[in-house]
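The values are calculated or read from the model by the stated rules, or taken from the named source; none is laboratory data. As the structure is a prediction and not an experimental result, all values here were calculated from the model. In this analysis, Cβ positions are derived from the backbone assuming ideal geometry, glycine residues included, and neighbour counts consider all displayed protein chains.
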Amino acid sequence: MDECLEGFRLTHLTYFNIMNSAIWQGREDSSREFSNARIDYVKPAADELGLKLVTVDSNLDGIYRGFNYLATFTFRFFGTILALQKLFGKYYWSSGHTFSQFKLTIDDIAYFDLLSVQCLSNENTTFYSVGSEITRIEKTEYISDFAITYKFLNVCWSYLYNCGKCDKCRRTMLGLYALGKLNYYREVFDVGYFYQNKDEYLGHMLFMWITEKDHGYYSEIRRYLRQRYIKIPARAKMCAIKLLYNVTKKKIKRTMESLT
Ligand SMILES: [Zn+2]
């Protein structure tokens, strides 16, 4: 918003409901209700920032039927922007990963955003991958300097408001805790519940750190905790061992079943 370079300043925000499909709960407009509620929720944030909010409701999902969301989501969003290319000269696409993590994979196409933004830009619209120069927790640290996020930060995968239980909510709360910023977010997260169940949250972090693959979200949270000399209690370690045990037990069960 403070960009000095002419033509690069943020003017609009977007919210796209591009998941409308019969595949979701068997109804063509199954995600519409949820999206409309989220639009109502984010609109005051756009107003407070003095930016226009552009919303799109589409059945685009129909052509992606049978494809995993993580294997298609960039193209869904970029396709929607290109339908409005007379409005959008530049589009800032928030990165999922850092430049150094670049790789070609269909498990999560955000890994090759750097290539996608080049391939899908045209003479009217240029896509930019933004935030790829820093890691996820560094982004969290960056946004935590803006008070508007204390009222509006919304990351939940499952619900309209942050549930505090899904992996995305847990990861964000743990990141804010590691940064010493969680207390600022009492309006959008149940911070009291976090502190009451801190060992369980930290156990989740240890479990995810041990089992996570390439993105490294939890390893950097752990690193930040260590930098702030925050000790992981034995109870949290026991929670992690319990989670690992349950996963291993399920794996052994599946292997035994496949052998019979
Ligand atoms: Zn959640």
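Do the conditions hold for residue 85, that is, is it over 30 Å from residue 219 (Cβ atoms) and in contact (Cβ under 8 Å) with a residue 12 or more places away in the chain? Yes, satisfied.
Against the condition of a type in the set (Asp, Glu), farther than 25 Å from residue 149 by Cα and surrounded by fewer than 18 Cβ atoms within 10 Å (Cβ to Cβ), how does residue 212 come out, does it pass? Yes, satisfied. The one condition from (1) modelled with pLDDT under 90; (2) in contact with a strand residue (DSSP E or B) (Cβ under 9 Å, 6 or more places away or on another chain); (3) buried (at least 16 other Cβ atoms within 10 Å of the Cβ) that residue 34 does not meet is (3). Annotation note: of 229, 193, 224, 184, the sole residue that is free of Cβ contacts under 8 Å to residues at least 60 places away in the same chain and farther than 30 Å from residue 36 by Cα is 229. Residue 219 fulfils the conditions (1) assigned to a helix (DSSP H, G or I); (2) at pLDDT 95 or above except for a single criterion, (2). Scanning region 135-184 for residues that are more than 16 Å from the ligand (Cβ to nearest atom), of a type in the set (A, V, I, L, M) and over 15 Å from the mean Cα position of the chain (by Cα) turns up 147, 148, 178, 179. Counting only helices (runs of 4 or more DSSP H) that sit wholly inside region 81-196, those with at least 1 residues that are in the same structural domain as residue 222 (by TED's automatic domain parsing) and in contact with a Ser or Thr (Cβ under 8 Å, 6 or more places away or on another chain) are 167-179.
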